Amino acid sequence: MVIVSFQFGIALVSEETVEKQEQPVRKQQQRSIVTQQKLLDAAVEAFSENGFKGTSTRDIAERAGVHHPLITYHFKNKDQLWRTAADHIFSAFTRSLAQSFEKNKSMTPKERMSAMIFAYVRYAKSQPALHKVMVQEASYPNPRLNWLVEQHLKPLFDSTFGMITKLQELGVAPKGNPALLFNMIRLSSGGLLALGNELKASSNIDIDTPETLDEIANLIINVFLPGDMPADWKPRSAA
């Protein structure tokens, strides 16, 4: 029994009554979550295909199968919807790399970077919008590109450049600007998969097969990390 206090007394309300009152609220919340996800999925698809300028909120609503006014109800405007959609795919991408890095922390630097390349390739395949959105926004200076760099790309890059530098010092990676080398690895990993339809038509490369994905990752490793780890290498803790 739930006790509800009023100004002039106390009323007793059954738990069943409270639960019945809460059910419509819960259903409304669930519908709201489903609608938001539909809009995000449609936005990711539309923005990756047509860019920010070439995408209308009406197009997104039609792709999502929802009423157009619901976009401003959930996301205020197109810019906020773009940022939420971009945050959705880039946060998941960063988590996938961080999980790979943490899972393989006992490995050698080359093995850890190789595992990250495999994780990069697999995520880029599962979410091709990742690189398509970057290509769309990087074609001209704009505040969305600045936001994307500051919120997602720069933190990831800054932490990875040190890994590349270490691999260069060990003779595993070729010498040169580590930032340039990392971005060459990045574009080979994800940019290649963003061109999946063109690769199929022009080169008969089917990126939908696990074998092709593994071959892409292995070739990237062989090209950009050609050296072997020193025979006497030991982790710092074991030194």
*Sole residue being among the hydrophobic types (A, V, I, L, M, F, W, C) and within 21 Å of the chain's Cα centre (by Cα), chosen from 180, 193, 199*: 193
*Kindly indicate whether any position in the stretch 136-144 is crowded, with 19+ Cβ neighbours inside 10 Å, more than 24 Å from the chain's Cα centre (by Cα) and in contact (Cβ under 8 Å) with a residue 12 or more places away in the chain.*
no
*asked:* Among the residues in the stretch 209-222, are any at pLDDT 95 or above and in contact with a Phe, Trp or Tyr (Cβ under 6 Å, 6 or more places away or on another chain)?
replied: yes
*Do we find a residue being closer than 27 Å to residue 136 by Cβ and over 23 Å from the mean Cα position of the chain (by Cα) anywhere in the stretch 150-170?*
no
*asked:* Given (1) touching a residue at least 40 places away in the same chain (Cβ under 8 Å); (2) surrounded by fewer than 20 Cβ atoms within 10 Å (Cβ to Cβ); (3) of a type outside the set (Val, Ile, Thr), identify the lone condition not met by residue 131.
replied: (2)
*Within the stretch 193-235, how many residues turn out to be closer than 22 Å to residue 167 by Cα, part of a helix (DSSP H, G or I) and among the aliphatic types (A, V, I, L, M)?*
6
*asked:* Just to be sure I understand, how many residues within the stretch 158-182 are surrounded by 16 or more Cβ atoms within 10 Å (Cβ to Cβ) and within 27 Å of residue 85 (Cβ to Cβ)?
replied: 2
_Filtered residues of the stretch 81-131 (kept if in contact with a Lys or Arg (Cβ under 8 Å, 6 or more places away or on another chain), of a type in the set (D, E, K, R) and more than 30 Å from residue 232 (Cα to Cα))_ = 83
*Please specify each residue of the stretch 188-234 satisfying the condition of being touching a residue at least 40 places away in the same chain (Cβ under 8 Å) and more than 16 Å from residue 126 (Cβ to Cβ).*
220, 221, 224, 225, 226, 227, 228, 229, 230, 233
*What are the pairs, 6+ residues apart or on separate chains, where a residue within the stretch 32-53 that is within 15 Å of residue 71 (Cα to Cα) has its Cβ under 6 Å from a residue that is among the acidic types (Asp, Glu) and part of a helix (DSSP H, G or I)?*
46/59
_Residue check for residue 217: of a type in the set (A, V, I, L, M) and in contact with a Lys or Arg (Cβ under 7 Å, 6 or more places away or on another chain)_ = no
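The values are calculated or read from the model by the stated rules, or taken from the named source; none is laboratory data. Note that this is a predicted model, so its numbers are computed, not measured. Glycine also receives a Cβ, built like all others from the backbone with ideal geometry; neighbour counts cover every protein chain displayed.
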